[in-house]
Amino acid sequence: MGLYSLITGRRGPSGFGSATSAEEVTQRIDATHLTAIITGGAGGIGMETARVMAKRGVHAVIGARNIGAAENAKAEILRQNTNARVTLLHLDLSSVKSIRAFVRDFHALHLPLNLLINNAGVMFCPYQLSEDEIELQFATNHIGHFLLTNLLLDTMKTTAKTSGVEGRILNLSSIAHIYTYKEGIKFDSINDICCYSDKRAYGQSKLANILHANELSRQLQVAFTHTHKHIHLSEEGVNITVNSVHPGLILTNLFQHTALLMRFLKFFSFYLWKNIPQGAATTCYVALHPTLKGVTGKYFADCNEVTPSKLARDETLARKLWDFSVKLINSVSKKNYLGFEDTI
Ligand SMILES: NC(=O)c1ccc[n+]([C@@H]2O[C@H](COP(=O)([O-])OP(=O)(O)OC[C@H]3O[C@@H](n4cnc5c(N)ncnc54)[C@H](OP(=O)(O)O)[C@@H]3O)[C@@H](O)[C@H]2O)c1
């Protein structure tokens, strides 16, 4: 799927393309048996994802840091579809404490979990540390979703096993993953203000989204192969796929730090941009479409599989990021719980 397809909307091998909407890509899909968590589902692409999923019958659990905005989103979804099942829970992905509280609140609902849509994100923020003292874009876009996914994985495994329905995890990445720091991820200076670039820090966090999806996919596949060979599949099979997507260019609140510049650029490059229903299509396609059964560790744009950057395909880098993320979260948890070593 190249520039020509993006501009013309020409459809790729999946039968869908850049002009396809989330509703079109999920037409005739009955998802009434599914429960999904959608982070950042109170606005932008996340809200459209929640709306369309709910329209197909999914019980949509929206994780939002702004509950007022989430209530408005829920009211709008219900206004269009009185049967929609939408639950709101508070979630601030830049806070380890908030993520743990969200997971506790979710578990208290005693719901199954089939789909985890790691959608929330911030972009091009001026240098800032999160409450856990991690650079804000890395903290929100990667570390928050990394921890959330790990904390929800057992529930997803149980759901997949008891229901026999494949679980799916999806990370919202971006084409911007190609524009990162020279070394990909700045492991030795993740919080350094001196060489901070708001653009490269965003690219770094979006690269991390792909590396995370790929590494988790590999780990689950190894577990699956292992169980096939040595244990009883019926007891231990991990029927969960993990993929990442670039949704396209959509003028949402994500551009709040460069709003004027973007409006100006959009004027001259309108043919590269999508509307929000088109922007949610790749997410809904990868999350719900039956043809993607068993497809894992892949990257999608315009509803078709594409190849991400060389760094994004680097397995050693992905493993290193995994270990780094675990260490970072454990160091935060240690601080929060006054010396109690809490491992994720
Ligand atoms: N739009 C694009 O062109 C584009 C391109 C490539 C990739 N993406 C990716 O697509 C995803 C969705 O973007 P979007 O365009 O829909 O942006 P958006 O309209 O700004 O929506 C982002 C959502 O994330 C939430 N969020 C931000 N920080 C959070 C935090 N700490 N905890 C919980 N929620 C938080 C926001 O909540 P608040 O309302 O409280 O801020 C908002 O609901 C992002 O991951 C983005 O990187 C977007």
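Read the figures in this text as sums done on the coordinates, not as results from a lab. Please read all numbers here as calculations on a predicted model, not as lab measurements. Cβ: placed from backbone, ideal geometry, glycine included. Neighbour counts: every protein chain shown.
A few comments on the model shown:
- Distant-in-sequence amide H partners of Arg85 (H built 1.01 Å from N, under 5 Å): Ala60
- Remark: spin-label model distance Lys334-Ala75 equals 4.7 nm, labels positioned 7 Å along the Cα→Cβ axis.
- DSSP loop GluC sites (Glu not before Pro) with at most 14 other Cβ within 10 Å excluded, longest remaining stretch of the chain: 184-340
- Förster radius 30 Å - calculated FRET efficiency between Tyr127 and Lys97 (Cβ-Cβ, nearest 0.05): 0.85
- In loop segments of the range 237-344 as defined by DSSP, the trypsin sites (Lys or Arg not before Pro) with at most 14 further C-beta atoms inside 10 Å of their C-beta are Lys293, Lys310.
- A DSSP coil position with no more than 14 other Cβ atoms inside 10 Å describes the following trypsin sites (Lys or Arg not before Pro) in the range 98-190: Lys182.
- Remark: the range 316-322, residue by residue, has Karplus-estimated 3J(HN,Hα) of 5, 4, 5, 5, 5, 5, 4 Hz, where x stands for each Gly or Pro and the curve is 6.51 cos²θ - 1.76 cosθ + 1.60 at θ = phi - 60°.
- Computed extension length for Lys293-His33: 92.0 nm, one decimal, from 0.36 nm per residue of separation with the Cα-Cα distance subtracted.
- For Thr258 and Asn66, a Förster radius of 22 Å and the Cβ-Cβ distance give a FRET efficiency of 0.60, rounded to the nearest 0.05.
- Estimated FRET transfer efficiency when R0 is 22 angstrom, pair Lys199-Lys266 (beta carbons, to 0.05): 0.80
- For the range 195-220 versus the range 128-164, the inter-centroid distance based on Cα atoms is 13 Å.
- Legend: residue pairs Lys199/Lys320; Lys266/Lys293; Lys186/Lys334, Cα-Cα distance threshold 26 Å; pairs beyond threshold, Lys266/Lys293.
- Surface/4 estimate of mean projected area, convex hull on alpha-carbon atoms of the chain, nm²: 17.6 nm²
- Of the chymotrypsin sites (Phe, Trp or Tyr not before Pro) found in the range 86-150, the ones in coil according to DSSP and having at most 15 other Cβ atoms within 10 Å of their Cβ are Tyr127.
- At full extension, Gln221 and Tyr179 could sit 12.2 nm farther apart than now, given 0.36 nm per residue minus the alpha carbon distance.
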